[in-house]
Amino acid sequence: MVSKSDQLLIVVSILEGRHFPKRPKHMLVVEAKFDGEQLATDPVNHTDQPEFATELAWEIDRKALHQHRLQRTPIKLQCFALDPLSSAKETIGYILLDLRTAQETKQAPKWYQLLSNKYTKFKSEIQISIALETDSKAPADSFKAKGAPPRDGKVPASRFGLDPKDIVAVLNEEGGYHQIGPAEYCTDFFIMSVTIAFATQLEQLIPCTMKLPERQPEFFFYYSLLGNDVTNEPFNDLINPNFEPERASVRICSNVEILRVYLALQSKLQIHLCCGDQSLGSTEIPLTGLLKKGSSEINQRPVTVEGAFTLDPPNRAKQKLAPIPVELAPTVGVSVALQREGIDAQSVIELKTQNEHEPQHSKKRVLTPIKEKLPEPKSSSVSPVPPYNQSPPTKDDATESEVESLQYDKDTRQNPKAISSAVPALLAQPVTTSNASETASGQKIAVPATSHHFCFSIDLRSVHDLEVGFPINCILGYSYPFFGSAAPIMTNPPIEVRKNMEVFLPQSYCAFDFATMPHQLQDTFLRIPLLIELWHKDKMSKDLLLGIARIQLSNILSSEKTRFLGSNGEQCWRQTYSESVPVIAAQGSNNRIIDLSYTMTLEDYGLVKMREILVSDSAQVLSAVQQKPSSLPPAPCPSEIQTEPRETLEYKAALELEMWKEMQEDIFENQLKQKELAHMQALAEEWKKRDRERESLVKKKVAEYTVLEGKLQKTLIDLEKREQQLAITESELQRERKELKLERERNLQELQDSVRRAKEDCVHQVELERLKIKQLEEDKHRLQQQLNDAENKYKILEKEFHQFKDQQRNKPEIRLQSEIDLLTLEKVPLSIYSN
């Protein structure tokens, strides 16, 4: 629970805009989103210079603010064009504000240009300011639950009449402790400590897209302990994090019950892995288990919460990242301990070290004055290398040591595949030791005059064509005492072989320098084959001998000889032979298991120039003395002893000088070998370290590619679904288009038929009208003719009437008058019809 002064407001002032196009029918709205909470301004007119004049604020405490700053959480502002009629929102652009620029002091507003602006011809900008303000309003308690009645054996916090919100940690600088709860109840002192001991697989927190600083980046762990920011010493290597365990402690003055309530409120301790001001991952350590209800363990011993906690990258849920396998999960070893002051703290966590032979030094960071120091774990001592002249090994031990430890030889340097070589001096026949040649420095073994210096090398190149039905982790081994050593030569490390694959063997080259006579070499190669054993190495069980391959060494004797010059210019001969041999099952039937490809080389350097080999007592290193005269003088008589040159003081002094030179050469050669071995061990350690780094990086890449493959598979499935949906939609569209085309053609045909029928009807109607007009005209002409005839008749009758009237004035007029009237009546309708 944070105090009132720790409550802050993030205030974003959106003042005005510029360079906007005018859209009278639209409004402008700005929506701001932070930490999942969204706020918006009131709609304003969409003019070229809109005025928002709005402040948006979010409540936050300092701890959450610090976490958001570490995670670089942005404040996103989106600008929309709102249509009041349809309520449709049209995205115009957005602005991202960096929370780290917010300060508690007022700053001048700045113009921010819209990103992804829809108005491409306009560079629209909005004037914004961001600031931090102290939240002066205390949170309103809208509801308070009543305290539950006390139970047997448990004392609730209400016994003190305290509100849990008032239980906070306050630093008492004079007393050097943090006080939790009212002073009248704080009677006990406690020590709370947090130890960060080790970390593993931290490289999994860095995705491939993240860019780290170009210079060597520094990483560190950060957490807040009772309001105190704590960081450990920075380290540079995420793959092999090498940092000293550190413990930070605080002194607390409180009461067990009040402290239990406080830990229930502050239930988790967050630990971040940071690079600069960026959080790469975090984990939460539960603190509720420190003080359990009804437990009095705190009164007898320290209570702890410890273990390896998994680090999660920030915003894993929002980024929808796939879970990381357990064996590749990044972890940090943390121990949180709480104890009463005065009780001796015991070891709370076993510190994990990178090298057992290097001493660990633990650091302690004290946040309040505490005199205690974290005890340093004892480091295992490294036994020094024994001096050269102490406890020399036996001849066989020295030979085996050379076979197993020497990494390079003068002959193997010619072949880059040479990993190890054995260079023993072999005597191929029984030897005799002369008592006269025994000196204080060692024994001398005679070499026959007809012996040749040979170098035999074999390279087990690869295995292929596996016949068994399961994969094997194979190693190959062999031993050939004729070469001067009975120690087995093994390939290393084990390699996995499956069906239908060829695997090249690591550390499979070995060379042997020895001296023998050619006929003995030929006889031995003909009689004794080289047996190569195939072993299956399993971590859960003992090694299993699967089969044996027989290599007939006499094959190399019949191969072609090639001449070459030796180191001293003498002529030497080389023979090379390569083939593949089957590995036959060691038990049961003689079934083939796998095929082995190998190459062997035999080099003949000619006669051995050294006739005696010196075995040094101080180092057991073989050295040569030049051949003495082939014929020794007869045993001298006592009278001749005084005149023997070898008995003179000068000769003894010269002999001692030569022996001292040989001994110094032996010592020098041994020192060179020790230096060479030390360099080889250093190179091997560096190689192993880099190999581990490469392996971890490969595992990380494989995990990331697996996640990407899953996403790609999901995307491909979605694309296939969308493609199927598009195909269905396209077929539906084609069908509807075809139907519309058919309907259009049908409607067009119907329209054409209608037009044709209407035209035919019109033509027919016109013909009918024309016939009617013609008929009417004929009727008119006929009636006109009738009218003319009637008029003519009328005129004739009238003329006859006048004539008749004149002639017969005395006849009755009634009859004439009636005829005239009749003619008049006939005339009138004819005149009307003609008009």
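The values are calculated or read from the model by the stated rules, or taken from the named source; none is laboratory data. In this text, all values refer to a predicted model and were calculated from it rather than measured experimentally. Here the Cβ is made from the backbone with ideal geometry for all residues, glycine too, and neighbour counts use every protein chain on show. Side chains included, ligands, DNA and RNA excluded: accessible areas come from the protein's heavy atoms. Shrake-Rupley method; radii C 1.70, N 1.55, O 1.52, S 1.80 Å.
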>> Would region 59-128 count as rounded, prolate or oblate if I go by the C-alpha gyration tensor, calling it rounded below 1.5 in a/c and otherwise prolate when a/b exceeds b/c, oblate otherwise?
In response: prolate
>> Using the Cα centre of region 662-820 as origin and beta-carbon charges of +1 (Lys, Arg) and -1 (Asp, Glu), tell me which of F801, H781, L719 is placed farthest towards the positive end of the dipole.
In response: F801
> So how far apart, in nm, are the two label points at D718 and T187 if each is 7 Å from Cα heading toward Cβ?
Replying inline: 6.4
> Quick one: which of K89/K123; K542/K675; K780/K827 span more than 26 angstrom between C-alpha atoms?
Replying inline: K542/K675
> What is the extension gain from W660 to R69, computed as 0.36 nm multiplied by their sequence separation minus the C-alpha to C-alpha distance, in nm to one decimal?
Replying inline: 205.3 nm
>> Keeping all protein chains in place and using 1.4 angstrom, which order do L226, L726 fall into by accessible surface area, from largest down?
In response: L726, L226
> Given the Cα-Cα distance of E173 and A653 and 0.36 nm per residue of separation, how much length would full extension add, in nm?
Replying inline: 164.4 nm
>> Are there any trypsin sites (Lys or Arg not before Pro) in region 47-78 that are in a DSSP loop and have at most 14 other Cβ atoms within 10 Å? List them by number.
In response: R72
> Rounded if a/c is under 1.5, else prolate if a/b beats b/c, else oblate: with a ≥ b ≥ c from the C-alpha gyration tensor eigenvalues square-rooted, which is region 7-134?
Replying inline: prolate
> How far, in nm, would the chain grow between K774 and T288 when pulled straight, counting 0.36 nm per residue and subtracting the alpha carbon separation?
Replying inline: 163.0 nm
> Taking N as the number of residues in region 532-587, what is its Cα Rg relative to 2.2 N^0.38 Å?
Replying inline: 1.82
> What nm value, rounded to one decimal, do you get for the distance between D538 and E233 when each label is placed 7 Å out toward the C-beta?
Replying inline: 4.6
>> Please list H453, H802 from largest to smallest accessible area, probe radius 1.4 Å, with all protein chains kept in place.
In response: H802, H453
>> Tell me the accessible surface of W111 in square angstrom (1.4 angstrom probe, heavy atoms of protein chains only), to the nearest ten.
In response: 80
>> Given an 8 Å cut-off on Cα distances and at least 6 residues of separation, report the relative contact order of region 452-607 as a percent.
In response: 30
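Quick one: which of 547-554, 768-775, 703-710 comes out on top by average Cβ neighbours within 10 Å, and what's the full order, highest first?
Result, highest mean first: 547-554, 703-710, 768-775.
Can you sort V44, V170 by solvent-accessible area, 1.4 Å probe, largest first? If you can, show how the numbers build up before the last one.
Numbers: V44 20, V170 80 Å².
The residues order as V170, V44, largest area first.
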> Probe 1.4 Å, all protein chains in place: accessible area of D166 in Å², nearest 10?
Replying inline: 110
> Using a 1.4 angstrom probe and counting only protein chains, how large is the accessible area of L733 in Å², to 10?
Replying inline: 90
> In debye to the nearest 20, how big a dipole does region 662-820 give about its Cα centre with +1 on each Lys and Arg Cβ and -1 on each Asp and Glu Cβ?
Replying inline: 1220
> Which pairs, out of K25/K110; K499/K689; K268/K292; K76/K268, put more than 21 Å between their alpha-carbon atoms?
Replying inline: K25/K110; K499/K689; K76/K268
> Modelled label-to-label distance, R550 and T120, 7 Å Cα→beta-carbon offset: nm?
Replying inline: 8.2
> Relative contact order of region 1-107: what whole-number percent is it, with Cα pairs under 8 angstrom and at least 6 residues apart?
Replying inline: 29
> With the contact rule set at Cα under 8 Å and sequence spacing of 6 or more, what percent relative contact order holds for region 507-579?
Replying inline: 22
> Is the shape of region 452-607 rounded, prolate or oblate, going by the alpha carbon gyration tensor and its root eigenvalues a ≥ b ≥ c, with a/c under 1.5 for rounded and a/b larger than b/c for prolate?
Replying inline: prolate
